Amino acid sequence: MIAHRILDKCTDCNICKDIVTCPFGDAKTITGTDKCIGCGMCILSCPEEAIVLQRTQKEKIKVFVNENEVLASGTVKDALITAGVKISKFPDFSDREKIFVPCECGGCWACLAFINGRLAPVCITPLTEGMKIETNIPKEKFPALRVVSSFGVHTVGGVGTPHHLKNLRGPIEVVGFTHGCNLRCPQCQNFPIALTSGGHLLEAEETSQILLGLKEVHELDRIAISGGESTLNRKWLVELIKSIKNRDRNVRIHIDTNGTILTPDYIDELVESGMTDIGIDLKSLYVKTYINITGLNDKELAKKYLETSWNAVKYLIDHYSDKVFIGIGIPYNKALISKKEVKSMGEKILGLKSDVQVCVLDYRPEFRRKDLVKPSVNEMIQIKELLYSTGLKTVVVQTSEGHFGP
């Protein structure tokens, strides 16, 4: 496979050139040449869908996967698939030979293998003749690395920020954004981060030092980790939280997430490490809507992600309501989800906890859905009243004129 750029569609936004970390340099000039290995990184983040993969006959080379000879071309991931190694979009830490490959853009650094004696992500590492690949890696040998960028401050916070802070003037929490996401939302509100690895590859310890430094400068007591999807690299996130808490026991640590891989044991580990606030963005109630919003083309995977996110909310409410501040996000744009489904989501949340914070996000035209019309302030206030009609007691709606809440 080789990536080709469709010139008639290209608008020269240069995301593929300036942000995508193509293994061979500038993706804009690499596409369509023999250097391209078809990893697909540039395709993920192209707003105009002006880059496509085309089949081509590429010479296969000899590599060794777990000491077995394999003929393959492209990336290490391609060689693993050829060798029959299990590739998963949902983590299974009980199976060391199964490789979790969630973002496929080199942002999360979760899909690691020993490659010629060094750990590297399989999704972006090009194959070379005679390469030796070992997938059976003890968890303790994983490096705690992740691509992070856009360090700064939140002035309104996220889904997991308590509503009484959202209308304060000035910064309310320090934030860092993790690159890479396991969803493919066509209206992604933060696609240059979610779908690229164009940031800084940082250890958890380094990241904590940056965030704590910003916290001191701005005299704040809250740190947020957002994305992209912040939970994809479990080891990195847990070590980051522990590192922050080791230096400041009183700081509040807020994780914003889509909840798609938050199993009970993962939640337990986050809380034990020091997470104090969490915002889970529930995309929908029904799988069909979820697929429409997330851009996933695998119905079973979409169902798994949706069930996991709802179960994560229930588990948090059942076990940690007295210890962790919980916020629930609901996206709204009438082209993506109906008012009827939003109301049904509210009724299901009511059955879990009537006063849990629900934050409705007004999805704007973005990325590949520039045709969307951003909901008006009045429309969002109607959504707020609709959710209140279910019996929920704490609803906040995000609008172009600020947040309206309880």
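Net charge dipole, region 21-156: roughly 140 debye, given to the nearest 20, about the Cα centre with Cβ charges of +1 for Lys and Arg and -1 for Asp and Glu. Net charge in the neighbourhood of GLY130 (other residues with Cβ under 11 Å of its Cβ; Lys, Arg +1, Asp, Glu -1) is 0. Under a model in which nothing but the beta-carbon of Lys, Arg (+1) and Asp, Glu (-1) is charged, the chain shows a dipole of about 700 debye around its Cα centre. Placing +1 on the Cβ of each Lys and Arg and -1 on the Cβ of each Asp and Glu in the chain, which of VAL324, ILE210, THR399 has its Cα farthest towards the positive end of the resulting dipole? Most positive-ward Cα: THR399. Per residue, the average separation of C-alpha pairs within less than 8 Å and at least 6 apart gives the chain a relative contact order of 12 percent.
Exposed loop sites are taken as chymotrypsin sites (Phe, Trp or Tyr not before Pro) in a DSSP loop (any state but H, G, I, E or B) with at most 16 other beta carbon atoms within 10 Å; the longest stretch of the chain without one runs 94-285. Comparing GLY259, GLY157, GLY227 in a Gaussian network model of the chain, where Cα atoms under 10 Å apart are tied by springs, the biggest mean-square fluctuation is seen for GLY157. Look at the dipole of region 61-141 built from charges on Cβ: of CYS111, VAL85, ASN68, the Cα furthest out on the positive end belongs to CYS111. Please determine, in degrees from 0 to 90 and to the nearest 10, the orientation of helix 377-388 with respect to the longest principal axis defined by the Cα atoms of the chain, where the helix direction is its Cα long axis. The angle comes out near 80 degrees. Placing unit charges on the Cβ atoms of the charged side chains and taking the dipole of the chain about its Cα centre, the candidate lying farthest along the positive direction among THR289, PRO171, ASN258 is THR289. Taken along the Cα-to-beta-carbon direction at a fixed 7 Å, the label points for ASN190 and GLU205 span 2.7 nm.
Pairs from the table (LYS89/LYS283; LYS9/LYS132; LYS86/LYS374; LYS215/LYS384; LYS245/LYS370) lying more than 30 angstrom apart at Cα are LYS9/LYS132; LYS86/LYS374; LYS215/LYS384; LYS245/LYS370. DSSP assigns beta bridges within the chain; of those with both partners inside it, close to 50 percent run antiparallel.
The order of HIS164, HIS218, going from fewest to most other C-beta atoms within 10 Å of their C-beta, is HIS164, HIS218.
For CYS359, the residues whose modelled amide H falls within less than 5 Å of its own, excluding neighbours fewer than 5 places apart on the same chain, are ILE328, GLY329, ILE330, VAL396. This model, with +1 at the C-beta of Lys and Arg and -1 at the C-beta of Asp and Glu, gives region 279-336 a dipole about its Cα centre of some 200 debye. Only alpha carbons enter this Debye calculation for region 48-138, each as an equal point scatterer, and the log10 of I(q)/I(0) it gives at q = 0.10, 0.14, 0.18, 0.23 Å⁻¹ is -0.25, -0.49, -0.78, -1.18.
Maximal additional length on extending the GLU67-TYR388 stretch stands at 109.5 nm, based on 0.36 nm per residue less the C-alpha distance.
We did not get these values from a lab; they are worked out from the coordinates using the rules stated. Here the structure is a predicted model, which is why all the values come from computation and not from measurement. Neighbour counts run over all protein chains shown; Cβ positions are idealised from the backbone, glycine included.
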